[in-house]
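The structure under discussion appears below in the form of structure tokens.
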Amino acid sequence: MFVLPPPPRYPAVGYPGAPGGGQLIETNNTLTHPTGPEHQLVVGEGTYVLRDNLHLATPPPHPSEAPVHNPNPLATTVSPPTAGTKLSIVVVAPRQQSHSRLFRLDTANSARSQVPPSIQESPNESNSQASDAGSQSVNGNGVTAAPREGLHAPAFGSGNSALAVLNGKDSKDPLKRRKPKSNIVKSNSSFVSRVIPHEALTKRLQEHNPIGLYAFANVNRALQWLDLTSSTKEEHLTKILFTKAHALCHDVNQSTKGPGHVDIILGFSTGDIIWYEPMSQKYTRINKNGAINNTAVSDVRWLPNSENLFLAAHMDGSLVVYDKEKEDAPFAAEDQEQVQSETEKKARLVVKKSVNSKNQKFNPVSYWKTSNSKINAFAFSPDCRHVAVVSEDGSFRIIDFLKEQLLHQYMSYYGGMICVCWSPDGRYVVTGGQDDLVSIWSLEDSMLVARCQGHNSWVTAVQFDPWRCDERNYRIGSVGEDCRLLLWDFSVGMLHRPRAASVRQRSSVTSATLKMQRTRTDGSNTRLRSNSNLTSGSTLDEEEVVHEVEPRARTAMLPPVMAKKVDEHPLCWLGFEEDCIMTSCSNGHIRTYDRPKEGAGSDEVSTTASASNA
Amino acid sequence: MTSFFGRLKSGTGPASPASSTPPAKKDPNAPQLTPLEKLLQDAGPIRADGSDKFFGFENFGSTCYCNSIVQCLYYSVPFREQVINFPAKSPPEALQRPATGPLPRLNTNLLADANAQSSTLSPKGRNSFSTANSASPRKPVGTPAGAISPGQPQKPEDNKDSPEYKKKQALAAGPVLSMDYENSKAYGMSESLFSALKDIFEAVIAHTSHIGVVSPHKFLEILRRENEMFRTPMHQDAHEFLNLLLNEVVENVEHFSKTRVLEIEDKETNATIPQSNAVVNGTTPSSVGWVHELFEGILTSETRCLTCENTSQRDEAFLDLSVDLEQHSSVTSCLRKFSEEEMLCERNKFHCDKCGGLQEAEKRMKIKRLPRILALHLKRFKYTEDLQRLQKLFHRVVYPYYLRLFNTTDDAEDPDRLYELYAVVVHIGGGPYHGHYVSIIKTQDRGWLLFDDEMVEPVDKAYVRRFFGGEDQLACAYVLFYQETTEEAMLKEQEEESLAAAKQAAEVNTEPVSVATPKANGHGLTNGHDHILPVTPTVEKDDQFASLDHAVTAPPFHTSNHNNTMDHVTTSIPMLGKRQSNVASKKEKAERVKEEKERKVMEKELEKQAKAKRKELETQRRDLFRKQEDDLRVALAASRESATEESKKRGGAEPPATEKDKSANGLGSISKGSGLSRFRHSSMSLRHKPKFWSAGKDDKKDEPEVPSTPVTAEAEPSAQGTPGEKEKKNRFSLGRKKSTFHL
């Protein structure tokens, strides 16, 4: 018989993306309280101390789905997309007063909307101020009162009578929220495997402090509802196990939440979307079996100030607005002629179904296509007009979703972009990606402001810390695949000068740098002018929409003010709360760091800190 | 004839023994094709540049290090071009070719037999295919599989999804190019690794089949004759081999041109070498350094003496970069770490010319000139003191598809140069002394392919990302090849990719088994995953559409569409562009434009059809889902009852197939001690050949054993290497010495 070459046999290591341990019995969450200097974050304003480390139990695979154990590490079988643990945090009590108190920029409202003090220093600024004058109506207003301004922005689809009817009906009875149809506990759907409510659920709900945090966290095929202010927070309120679909993303509707009602939307690896109301244990399944779009949902968010509408990013590059109340209908692009011509112009947002379509009986409400590459994340601007979308092809788009129009398209330095976030005042957008950089983009100047270098691997989540942002200085946090949490203090006046001019100099260069950059931008092209279009909404030229990659020599580099390894596993989510910073990792660890006791809300500390760091 | 065999093959599953004829043209109706064959169904006539050839390489027992690297080099387009065109493009008739035709193995066997007898150095592995086959015809390879009915429990090599089976099939299907001859005379060169490599490339390009297997007998023979360290049938380091091969090629090329120059000066007639005249004309001095032009970059090391504050700079060339790894890092970060400042102190003090004497100093290395092809060696094999041997690091190191370098000097030219990942050499195994190498390569217009010895298989683009490493990942990227590209090319490619993805998505909707889905051997989807199939395209080039077109409406001329992707390659590599224009005539280009237009029209039409189809498919799909759901519900009902019991059972049943198999992998039988001694041995043996292995190389060899003081490797040359001394060294050793840097 014939002898074979050395048979490459390999130990069974689990399929790629499989949960690490792969234990096969249902286990409980564990809560630990590690202490010591390695669990503290030392920043200028004080020391953040690890409060606790909550480890969510990874559920075993569903019995019907035999675990795919391919002993061959080269196997070409495709495993479904998975995502690490992410959290949706909700405080059921109305939060208005805390907003006005904590978003400190509100205090500087009047001065700010006219002339932002930090930029005012530059005489050249008058130039862009003039051109900004128009955009102030959008951005400026967004700046002044982010949370409330949304109410003044027209609601999505308000111009469409087909939609308005339904909206009107809903808003009739604001106190009695509509619940989803099916009971998830009694459901016999094959999509949901098991629902495990806490034995004393009602008691715990009653005991819940209304200003305390509820969290929804996905881990593998499970979704857990946690009460983070409870003394037994490791015990979930409800745990839902899905059969094989993994929830990749979720979002809580901030405008419908209340003590007895929370609308949460879940996007799955199978493309399905579930609208779930945890208090009544009801749910509705949307895009069932991918009827409208059969690719996984990578990010999902409620439209700002909308009770019913939410936006889902599918992995084929589609952005779809669904209505939680509507049934699915098979989707075909409505305006074929347009689609064909638009494909040629890649710089456009292809509107496959407009919100203004009269056919609004079924989902989707509207359907846009950015490109065909996977959308990794998106974020709505505080002024409720724009959405920032980042994709695997390295593009970063700003879309006016009310007008269904692409305003800007930027590229990462290289590699895909993974996460995106708006500053609380809507002036800046930060992105993180596979170039290991956190990039700060200015909307007003439609340019890259700075690149933040400090991560040792891909950046998976960025967030502004609204409690530490003021008109001069923005606090940004980021986490990455390097298991580290980095904090950045970004102040426009304190940017480091790129090394282009001379040898690396550590001294902080103030507005002169920025001025130089601006004039250069001004001279080289007319990009700056494009922000007047931002408001006018007139048709845009492609050159104005698509922005080229900035060379390294021309962009400022920002160093972090704090960098700390906080986990053993790649991190995937970051959240700032009034009293803490939270991170979560791919393996289900949720860490909470208490803010420094005395430092919170003190202006002096933060400014001196940023000054000394700069 | 061929279609007959295609059908025969599809009927019986595996190829019958007789079907060793080149399956150049596939019968489109044959349903049971390998994924690669499916991919190539629309392949047009053979191209002159070899970009449409997908040959596996036979493994002679642990020669996968060689196979994976040679494959990467073959698909480094400018490198392939240069190999073919140096010293001059040989007229096809002047070269001996591997036997082809209906009885390829007969010929081969004779030759291989003779070869095996004539040379004791001919490649022989413990499990060598070649030795076994050279004595007996290859025919038995195909037969056993034919008798096996699918679905039965089988030996690993009989499982149709196993790589063993596929490799066997690839060998059986052929054609097998037995590279046991050499054409060095025809090239006007002496026999060398370069001439053998050129032989392989020439043979592959000239062959009439798109697929097949290369048996690199001669290449390995020369390699082993010249380099003692590769003589053993043991597992070798692929990066070391890459380094050796590149340097060897540099040396061969320069040696050749030197002798050529001498010959011209002597005005001696070289009647013995018929090609010589053409050769001389074709060889300009500038073209000699083409390996340098492609792979070489320049590092500047700045050393600042802490005593006299004097900064000295020194430039050093490199052919690849070796970077240290950290757990949970990225290639970007590894490169940045590479250029971080380090202190030269204590044992590694710096010899300052100004103050005279060993002083403490600060040193940092930055890239002054970026190479066109950046070969990144991830140092996964690290010496551990307490174990007294090399260990494999399983660190998770992520690598992006596109890359720019942060660690350039201020005066570097084009510091924002964009690189794209095009080849990954993957090491599979638990340690440095055994295991397996495969390469995953982005081909010009066929997307990413997995090259695992004899087997070649199309893979998803996302597949490339499975080899980041990590605790439970045996297979990790070991060498990454990045090539320079432009943003335009990147955007264009991304667009094509997404087009392909869109098409594929549509395809997934219409057919349960898509052509491009990397499922093994047409074994259908075994699960309900079809609605979560990859969004990332398997095949990113638009000729994938051409193939779809082809199936529906397209006339045959469609098939040569893949040419148009060549354009973007040429834009990205200007030097290559000129060369390619020689290959592709203007007429062809005009045709291409025409075809492009026609294709667009076709696509539009197709899209309309697809839309019309969609509605009726929708109903079909719903039925399907309903059925799936029912099935699932049944399964659920059954499972719910016994959920906990089953999981318990499984808990007991799961673990067995674990670590113990590691050693079975390749050379498990080799003791760890001998493995270590091999490394020492090799470095010793290298010292026997001072001409080839300069001090720098020795440093490199020693380095893994003293990683605690990594500076030594750098400090040494900087201490001894005064500029004058450096100039004196001949260029070969210079190139070699500078080829690797360890920090």
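The values are calculated or read from the model by the stated rules, or taken from the named source; none is laboratory data. These figures come from a predicted structure and were not determined experimentally. Here the Cβ is made from the backbone with ideal geometry for all residues, glycine too, and neighbour counts use every protein chain on show.
A few comments on the model shown:
Residue-by-condition table, conditions (1) at pLDDT 80 or above; (2) closer than 28 Å to A:D299 by Cα; (3) within 7 Å of chain B (Cβ to nearest Cβ); (4) buried (at least 17 other Cβ atoms within 10 Å of the Cβ):
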| site | (1), (2), (3), (4) |
| --- | --- |
| A:V3 | no, no, yes, no |
| A:Y15 | no, yes, no, yes |
| A:I25 | no, no, yes, no |
| A:V43 | yes, no, no, yes |
| A:N53 | yes, yes, no, yes |
| A:L56 | yes, yes, no, yes |
| A:S64 | no, yes, yes, yes |
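- Hey, A:V252 among the aliphatic types (A, V, I, L, M), within 19 Å of the chain's Cα centre (by Cα) and away from every other protein chain (no Cβ under 14 Å) or not: yes
- Residue list for the stretch A:404-434, restricted to those being in a strand (DSSP E or B), within 14 Å of chain B (Cβ to nearest Cβ) and over 21 Å from A:R348 (Cβ atoms): A:I418, A:G432, A:G433
- Residues in the stretch A:257-283 that are under 24 Å from the mean Cα position of the chain (by Cα) and surrounded by fewer than 20 Cβ atoms within 10 Å (Cβ to Cβ) were compared, and the one that is farthest from A:P330 (Cα to Cα) is A:G258.
- Residue within the stretch A:560-569 that is more than 27 Å from A:L248 (Cα to Cα), assigned to a loop (DSSP other than H, G, I, E, B), modelled with pLDDT of 90 or more and not charged (D, E, K, R) present: yes
- The set of residues from the stretch B:372-407 being crowded, with 23+ Cβ neighbours inside 10 Å and modelled with pLDDT under 90 is empty.
Matching residues to (1) touching a Ser or Thr at 6+ places or on another chain (Cβ under 8 Å); (2) not in a loop (DSSP other than H, G, I, E, B):
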position	(1), (2)
B:R347	yes, yes
B:H351	yes, yes
B:C355	yes, no
B:K368	yes, yes
B:P371	no, no
B:L405	no, no
B:A412	no, no
B:L421	no, yes
B:V426	yes, yes
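- Candidate set from the stretch A:357-396 (those that are more than 16 Å from the chain's Cα centre (by Cα) and outside any loop (DSSP other than H, G, I, E, B)); member that is nearest to the other protein chains (Cβ to nearest Cβ): A:K369
- B:E362 being farther than 18 Å from B:D416 by Cα and outside any helix (DSSP H, G or I): yes
- Of the residues making up the stretch B:447-472, those that are surrounded by fewer than 19 Cβ atoms within 10 Å (Cβ to Cβ) and within 8 Å of another protein chain (Cβ to nearest Cβ) are B:E471, B:D472.
- Residue, surrounded by the fewest Cβ atoms within 10 Å (Cβ to Cβ), within the stretch A:293-315, restricted to residues that are more than 9 Å from chain B (Cβ to nearest Cβ) and in contact with a His (Cβ under 9 Å, 6 or more places away or on another chain): A:N293
- Cβ-Cβ contacts under 8 Å between residues 6 or more apart (or on different chains), taken from a first residue in the stretch A:568-587 that is farther than 18 Å from A:V90 by Cβ and within 13 Å of chain B (Cβ to nearest Cβ) to a second residue that is among the polar types (S, T, N, Q) and not in a loop (DSSP other than H, G, I, E, B), are listed as A:P570/A:T460; A:L571/A:T460; A:L571/A:T583; A:L571/A:S584; A:C572/A:T460; A:C572/A:S584.
- Within the stretch A:391-412, being out of contact with any Phe, Trp or Tyr (no Cβ under 9 Å at 6 or more places or on another chain) and either without any contact (Cβ under 8 Å) to a residue 12 or more places away in the chain or farther than 19 Å from A:D299 by Cβ (or both) holds for A:K403, A:Q405, A:L407.
- Search result, residues across the stretch A:376-391 that are out of contact with any Asp or Glu (no Cβ under 7 Å at 6 or more places or on another chain) and either under 17 Å from A:L349 (Cα atoms) or modelled with pLDDT of 95 or more (or both): A:A379, A:F380, A:V387, A:A388, A:V389, A:V390, A:S391
- Residue check for A:Q463: under 30 Å from A:P154 (Cβ atoms), surrounded by fewer than 23 Cβ atoms within 10 Å (Cβ to Cβ) and within 18 Å of the chain's Cα centre (by Cα): yes
- Any hit, the stretch A:198-218, residues being at pLDDT 90 or above and in contact with a helix residue (DSSP H, G or I) (Cβ under 7 Å, 6 or more places away or on another chain): yes
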